[in-house]
1. Please find, within region A:11-38, the residue that is nearest to the other protein chains (Cβ to nearest Cβ) out of those that are at positive phi and assigned to a loop (DSSP other than H, G, I, E, B).
2. Scan region A:139-159 residue by residue and report those that are in contact (Cβ under 8 Å) with a residue 60 or more places away in the chain, surrounded by 15 or more Cβ atoms within 10 Å (Cβ to Cβ) and not hydroxyl-bearing (Ser, Thr, Tyr).
3. Can you name every residue in region B:59-84 that is acidic (Asp, Glu) and either touching a Leu at 6+ places or on another chain (Cβ under 9 Å) or crowded, with 20+ Cβ neighbours inside 10 Å (or both)?
4. Have a look at B:173, B:209 and point out the one that is out of contact with any helix residue (DSSP H, G or I) (no Cβ under 7 Å at 6 or more places or on another chain), more than 9 Å from every other protein chain (Cβ to nearest Cβ) and either farther than 28 Å from residue B:266 by Cβ or at pLDDT 90 or above (or both).
5. Taking the residues in region B:59-95 that are in contact with a Ser or Thr (Cβ under 7 Å, 6 or more places away or on another chain) and among the small types (Gly, Ala, Ser) as candidates, determine which candidate is farthest from residue B:238 (Cα to Cα).
6. Anything in region A:219-230 that is among the small types (Gly, Ala, Ser), under 17 Å from residue A:356 (Cβ atoms) and more than 12 Å from chain B (Cβ to nearest Cβ)? List them, or say none.
7. Given the criterion free of Cβ contacts under 8 Å to residues at least 24 places away in the same chain and farther than 20 Å from residue B:242 by Cβ, identify the matching residue among B:369, B:355.
8. When you go through (1) away from chain A (no Cβ under 14 Å); (2) touching a Leu at 6+ places or on another chain (Cβ under 6 Å); (3) surrounded by fewer than 24 Cβ atoms within 10 Å (Cβ to Cβ) one by one for residue B:127, which number turns out not to apply?
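The values are calculated or read from the model by the stated rules, or taken from the named source; none is laboratory data. Here the structure is a predicted model, which is why all the values come from computation and not from measurement. Here the Cβ positions follow ideal geometry from the backbone for every residue, glycine too, while neighbour counts run over all protein chains shown.
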Amino acid sequence: MTGAGTVRFSVPALPEEAGPVVELRDQNLKLIGQQQPDRDIALDPGLYLASVVLPTGESEQQAIQVKAGKTLKVELGPGEAALPREATEMHAAALTADLPTDLVMKTGGADASTAANEWFCRLLRASDGTPIDAAPALEVIERTRDQSAAATDLLCIVPPEAHGDMIWLQVAVPGQVPNNCLLPILSATNAQKCRVRVVAATDAIRATALPAGNELTNSVTAYLATGHLRAAAHVAANARDLLFEKVEDPIGAALGGYALLRLGRIDEVVEEWIANLANWTPAFPDGAVIASEQAARKGDTDAADRWAAEALKRGTPMFADGLSLLAARLRPTKPKRVTKRLQRLLAIAKLTDYAQIVVAFGATDPLQPLAEPKAPDLDPKHGWKSYS
Amino acid sequence: MVKPWIKHATGDGPSTHALVIGVSAYEHLPDGATPPAVPAEESFGLRQLQSAASSAWSFAQWLRDDYNPPKAPLGTVRLFLSPSGKEHVPAGIPAATFANVEPAVRTWFKEFKDRPDDVAILYAAGHGIMLSKDEGAIVLLEDFGSPDRGMIQNSLDVPTVIKGLAAKKVAQSQFFFIDACSVKPELVKDMESLQKGAGLDVPGHNPPSVAAIYASAAPDTLALGAPGKGTLFSQALVECLDGLAATLDDGGGWVIRDTSMVGPLKDRITNLAAEHDAEQVPTSGGTLGSTVLHVLPKPPPLEVEFRVAPGEATPFCFATLDDEQGKTVVKRSPLDPPPLQKTVPAGLYTLAVAIDPAEAKRFKASQQICFLRPPKPQPVVIKVS
């Protein structure tokens, strides 16, 4: 390439394992290709457009002028110095996208909601509904409040009493049916932390939770929460060795797996690695769901059915994608009696808010989704803790 | 057998085949043509709708007038509408009854069941029982609640349609738009299995390349609409197809992909619902493949704001906007009062700001290149100090 110039991109907000994330186009907006940051790229002199989708959901783009014989360094997104703040903003953006405040509130007229002065929460073991002491597990990070809603962000760490079980977070305001969401944490793995957002008005309350794992998990999560499925799948495919072969973070692996499933790219992951994800985390239904869907896409219906049955045995999938895929696979196509376990799963599938990443729905008891919903007794003796 | 509303001759090449259904008027619900066959508590407390049929009509018109796929031109559109008295749709469109829709599902399927390069589109609007985001909904047809059939059987069984289309030889690009006013799930909580509505009997076992499912109301939320004007979902959908969800293809053209619809459709519906002081949360499911659904004939128009920094320079600044070919799109325009707002096609531009009078020496003329893209570009701020 005679008379070429050189460009080197850097994207500090994304880990190296995310792969070639910079989209490069010429001045006619024709695609040149996807470029790997921190590598020298030779380009003919001229005008180009470089862009990258950041995990906050924002798209950063720069027009660059390449000159013959010159090297240009282009930084996209926030720089290294701004990264600690960027990580906080990324988590906040993901939580806001997953559970917008105004989703919970009626904003106008006589029915306008008012922010709750006090709300309640408790943790329940997913296998048997036993309350767990929430105090050591939940730490308030930030509170925001306006007339209509109070939003509280918390950091959650796996409580010791989890004993390998998945955990329901149940939140309530007096007189209302509680909201329940599964926490994206797994004891005995590296997935020990998550961020929780609770939005509370006097007449409604909702909660969501997103994993707070390694950089890769956080990036994939944020892309999914902000609706950038293609970016999530791109990162998951590029980082598949780290995500799936080593299973350093099974929750990050599961989210990456769902992104790849959604884009029909799960065959880019070795079948054995998906089986490892399912086998190494027996308390985690989502691994089995992904294994079932991978088998189905390979045409192995027997394996798909076996993994689906295994997923059902393990319980409610942690993520809404997993619940949706499992319900679609297991729902009978003709009227017939179903087991209580499947009945419960299909009931949760009907109640769940699929706009959230984790499984979340309103019910007095998440283990009894078919029961008549009613406001619970918020006495501390039932495990409830008050927040104001 | 009802004939398709549109049937184009497309030769041996791939085609698009659409089934579009909109039900506002329900014969057996209160205020329907026939007194309710069952009490309100057994018909889930449902009422007549005011906008589902006009929503379906709006989408059908978009298919007829604007749909521009990359490879599979519009072949057939099967259209069934049951409008309310407040809706204006053409006369002569067959009603969305079970007797009409059930055979139409089968003949629609036959158009593309051995043609993997074809495109299949299903749009259904009406009362619905939402299932998961990978199943869609059971959409209730006009004669739902009829005494001569089971409660749910006069319905469109979207889940069995999706399963029935899961085969290698069937059209591999499938798009499902489910615009359903959702029945409260506690009223149908005992309904675990599907109930033999209009659908496809034989489930396939090979998921297609693309089976994108866009639903207007997740379980336990309601689909909203302006009476006679169409639902918020259909309004947002057409806006997205017309450019809000546009993205660049490899050649620099503007297209709508299955993946590019996800964020803008969700955001637009949420915003429209907020304008109505309500909430509506759409979902997207199924398998997406970054497939191009529609090619825009030209770059989508965007509303853009232009400002200068520092703000005190504004009275002295004049902006000119040239496109990537050097053609002036916005002639020298004052930036005072701020912001300067213009509607321009999406694309790459050079923004030049001149300072006048020249004696405003503390500020300097400046130029920058900016890329303006959907859905809503950030305000363009250019420094002049």
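1. Of the residues in region A:11-38, the ones at positive phi are A:19, A:29, A:33, A:38.
Applying the additional criterion that residues be assigned to a loop (DSSP other than H, G, I, E, B) yields A:19, A:29, A:38.
Working: A:19: 16, A:29: 4, A:38: 23 Å.
Across region A:11-38, the extreme among qualifying residues is A:29.
2. A:153
3. Residue satisfying the conditions is B:66 alone.
4. Details: B:209 fails: more than 9 Å from every other protein chain (Cβ to nearest Cβ).
After ruling out the rest, the residue left standing is B:173.
5. B:95
6. Looking only at region A:219-230, we keep the residues that are among the small types (Gly, Ala, Ser), and these are A:219, A:222, A:225, A:227.
So of that shortlist, the ones also under 17 Å from residue A:356 (Cβ atoms) come out as A:222, A:225, A:227.
A:222 - this is the single residue of region A:219-230 that is among the small types (Gly, Ala, Ser), under 17 Å from residue A:356 (Cβ atoms) and more than 12 Å from chain B (Cβ to nearest Cβ).
7. Numbers: B:355 fails: free of Cβ contacts under 8 Å to residues at least 24 places away in the same chain.
Criteria check complete, one pass: B:369.
8. Of the numbered conditions (1) away from chain A (no Cβ under 14 Å); (2) touching a Leu at 6+ places or on another chain (Cβ under 6 Å); (3) surrounded by fewer than 24 Cβ atoms within 10 Å (Cβ to Cβ), the odd one out for residue B:127 is (3).
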